[in-house]
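Colleague: Take this structure first; my questions come after.
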Amino acid sequence: MLNLLKPGDSLFIAEGCSDCWSILSAGYKSIAIPSATLLTKKDAELLQTLSSEHSIRFEMWPDRDQPGERLFLQLQQILPGLVHHQLPPGCKDFSDYYLTKISQ
């Protein structure tokens, strides 16, 4: 996915592969952090480089739980422009939201 990015593109960060697949299915460019506790220093450096050198805009639908919000806050420290999208009530993650949207 990173090779497909152009300057100014938005890239969604997902917590987990299934959320990433749902975001991709919804038509957005996305990458996954495997778990809220698995953000590595190397990953953080790559994201910072994409943000500063390639003008990539980062966005996230954090899971509606403490680990998801903690991951968002951790990412926001290295990506100050990270956009937070709030999931609607009843959706614990983007996969739930996606399934709700496509079933309507």
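The values are calculated or read from the model by the stated rules, or taken from the named source; none is laboratory data. Computed from a predicted model, the values in this text were never measured in an experiment. No Cβ is skipped: glycine too gets one built from the backbone with ideal geometry, and neighbour counts run over all protein chains shown. Ligands, DNA and RNA are excluded from the accessible area calculation, which covers all protein heavy atoms including side chains. Shrake-Rupley method; radii C 1.70, N 1.55, O 1.52, S 1.80 Å.
Colleague: If you build the Cα gyration tensor of the chain and take the root of 5 times each eigenvalue, what three semi-axes come out, in whole angstrom, biggest first?
Modeller: 22, 16, 11
Colleague: Run the accessible area of the chain with a 1.4 Å probe and give the carbon-and-sulfur part as a rounded percent.
Modeller: 53 percent
Colleague: Step through the residues of region 43-48 one at a time and calculate ³J(HN,Hα) from phi using the Karplus curve (6.51 cos²θ - 1.76 cosθ + 1.60, θ = phi - 60°), rounding each to whole Hz and writing x for Gly and Pro.
Modeller: 4, 4, 5, 4, 4, 4
Colleague: Mind checking the per residue accessible area of the chain for me, 1.4 Å probe, whole number of Å²?
Modeller: It amounts to 59 Å² per residue over the chain.
Colleague: Shape verdict for region 58-104, please, from the Cα gyration tensor: rounded (a/c under 1.5), prolate (a/b greater than b/c) or oblate.
Modeller: prolate
Colleague: With the Cα gyration tensor of region 1-48 giving a ≥ b ≥ c as the square roots of its eigenvalues, does the rule (a/c under 1.5 for rounded; else a/b larger than b/c for prolate; else oblate) give rounded, prolate or oblate?
Modeller: In terms of gyration-tensor shape, oblate.
Colleague: Under a crude label model (7 Å from the Cα following the beta-carbon direction), how far is Thr37 from Gln74 in nanometres?
Modeller: My value for the distance between the label points is 1.0 nm.
Colleague: Near Arg70, within a Cβ-to-Cβ distance under 11 Å, what is the net charge of the other residues, with Lys and Arg +1 and Asp and Glu -1?
Modeller: Around Arg70, the surrounding residues sum to -4.
Colleague: With the crude spin-label approximation of a point 7 Å out along Cα→Cβ, what separation in nm comes out for Leu99 versus His54?
Modeller: 3.2 nm
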